[in-house]
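**Student:** After the structure tokens below, expect a handful of questions from me.
The values are calculated or read from the model by the stated rules, or taken from the named source; none is laboratory data. Here the structure is a predicted model, which means the values were calculated and not measured. As a convention, Cβ positions derive from the backbone with ideal geometry for all residues, glycine included, and neighbour counts pool all protein chains shown. We work out accessible area using only protein heavy atoms, side chains counted, and drop any ligands, DNA or RNA first. Shrake-Rupley method; radii C 1.70, N 1.55, O 1.52, S 1.80 Å.
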Amino acid sequence: MTTMKNNMFPPGLVNNLQDVLSKKGANKNEQKQQKDDDSTETSTSSSSTAGNENDSSKPVVLVTNGEGVDSLGLVYLVQALVGLGLYNVNVCAPHSDKSASGHSLTVRETITVTQAEIEGATAYEVTGTTVDCVSLALSGALFSWTKPLLVISGINRGSSCGHHMFHSGVIAGAREALISGVPSLSISLNWKREESQESDFKDAVAVSLPLINAALRDIEKGVFPKSCFLSIEIPTSPKANKGFKLTKQSMWRSTPCWQAVPANRNPSAPHFMGNQQSLGLQLAQLGRDASAAGAARRGTTPRKNEEVESVGAAKSDNKAKKYFRLEFLDKEREATDDELDFKALGNGFIAVTPVSVSLQLESDIQTAASSWISGVLSGGAEE
């Protein structure tokens with residue numbers, strides 16, 4: 001509040017000026033509040049309008065992934081789908097990276113769902129796994145629909161070939177959709193730290209769109225394979241790909257390497273104490289010292305202090321603990337069948353692998369998926 005020095009003006013004038021200034025400030029605050037309210041209302045209205053833009057004549061496409069709602073692979077994919085103007089694009093993706101969560105569900109815990117801002121799409125971020133996201137989205141509890149035309153899980157940073165399918169979050173998202181009776185695709189980019197760059201995700205989207213459009217077209221016609229989903233693996237340099245190749249799941253896996261972590265480098269070690277914990281103990285000790293000093297000054301015997309455990313203090317159970325960290329190492333890939341996923345991917349092809357819910361792909365499912373993919377790759381995806 002603005003004030004006036006009373007020794008410079010008559011008291012009556014001072015009071016009048018203060019009253020005027022006070023009212024002026026109140027008016028400004030009211031105007032600002034009104035402006036903020038109008039802005040909030042406009043924003044809310046725009047957000048509501050964006051959320052209600054779904055055209056019932058357009059098919060619904062659900063997008064999820066394993067790396068989080070803000071990951072570039074998902075963002076670029078959604079932007080491209082929205083830009084086509086052919087689909088109602090909905091997003092339900094993890095709040096944080098769940099790329100190695102496999103097919104895990106969150107049980108006996110409450111998850112939080114928050115609206116996310118992705119232009120042109122109705123989007124939510126979830127404090128759960130990729131499977132949580134797909135299961136919730138298809139339940140009817142979150143969206144007004146219960147069955148989209150297609151679920152797309154991706155685009156993931158890193159290959160999901162071979163045994164990686166079993167712990168891959170992006171694969172699990174597509175698998176959960178298939179279990180729920182909804183056609184699905186999973187898409188991964190064979191990201192390499194030394195070679196890849198962010199623009200590769202845009203290129204990965206561009207090379208994926210023909211297959212996505214073909215899938216949507218044939219789902220509506222009723223000729224898309226119903227007993228499997230398709231895992232699409234995009235090579236490290238998407239623009240330089242050699243075309244699509246129908247592949248089979250391999251048994252290849254990276255080598256798991258568990259590294260021992262010294263206790264003094266592990267934040268969860270018993271003797272480790274963060275700044276807040278250390279400060280808590282120091283304050284507790286200062287309190288005890290102050291009590292003792294006060295009692296000494298008063299010439300009385302200090303009362304015995306009860307040992308109170310500080311909230312932030314680390315408590316050791318005196319049990320020996322060891323700490324480990326898992327890393328995966330790429331191992332030498334032997335020259336094998338060219339139709340295996342990792343082999344085709346390494347040779348620069350976009351590997352398309354039909355994946356069933358069962359561990360072994362039945363011959364009739366393999367035949368149906370192979371026939372559809374062959375038809376699309378022979379020119380159907382261009383239509």
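**Student:** Give the number of residues within segment 129-150 that are within 16 Å of the chain's Cα centre (by Cα) and not small (Gly, Ala, Ser).
**Tutor:** Residues that pass the stated criteria total 7.
**Student:** Right, another one. Provide a single number: the residues in segment 85-103 that are open to solvent by less than 60 Å² (accessible area, probe 1.4 Å), more than 15 Å from ALA177 (Cβ to Cβ) and touching a residue at least 40 places away in the same chain (Cβ under 8 Å).
**Tutor:** 5
**Student:** What are the residues in segment 228-243 that are open to solvent by 60 Å² or more (accessible area, probe 1.4 Å) and of a type outside the set (A, V, I, L, M), if any? Write out each step before concluding.
**Tutor:** Our first condition is that a residue be open to solvent by 60 Å² or more (accessible area, probe 1.4 Å); within segment 228-243, this holds for 237, 239-240, 242.
The answer is SER237, LYS239, LYS242.
**Student:** Please work out if THR114 is modelled with pLDDT of 95 or more, within 23 Å of LEU209 (Cβ to Cβ) and over 11 Å from the mean Cα position of the chain (by Cα).
**Tutor:** It is false that THR114 is modelled with pLDDT of 95 or more, within 23 Å of LEU209 (Cβ to Cβ) and over 11 Å from the mean Cα position of the chain (by Cα).
**Student:** Looking at segment 249-265, which of the residues that are open to solvent by 80 Å² or more (accessible area, probe 1.4 Å) and more than 22 Å from TYR323 (Cβ to Cβ) is modelled with the highest pLDDT?
**Tutor:** Pass one, segment 249-265, residues open to solvent by 80 Å² or more (accessible area, probe 1.4 Å): 251, 253, 258-259, 264-265.
Still in the list and also more than 22 Å from TYR323 (Cβ to Cβ): 251, 253.
Details: MET251: 73, ARG253: 67.
Among those residues, the one meeting the criterion is MET251.
**Student:** When you scan segment 117-128, how many residues do you find that are closer than 20 Å to LEU77 by Cβ, β-branched (Val, Ile, Thr) and under 15 Å from the mean Cα position of the chain (by Cα)?
**Tutor:** Final tally of qualifying residues: 2.
**Student:** State all residues of segment 152-185 that are of a type in the set (S, T, N, Q) and over 15 Å from the mean Cα position of the chain (by Cα); if no residue qualifies, say none.
**Tutor:** SER159, SER160, SER180, SER184
**Student:** Where in segment 129-211 are there helices (runs of 4 or more DSSP H), lying wholly inside it, with at least 2 residues that are touching a residue at least 12 places away in the same chain (Cβ under 8 Å) and open to solvent by less than 10 Å² (accessible area, probe 1.4 Å)?
**Tutor:** Here the list reads 130-139, 169-179.
**Student:** Let me ask you something else. Among the numbered criteria (1) over 15 Å from the mean Cα position of the chain (by Cα); (2) within 22 Å of LEU189 (Cα to Cα), which one does ALA100 miss?
**Tutor:** (1) is the only condition that ALA100 fails.
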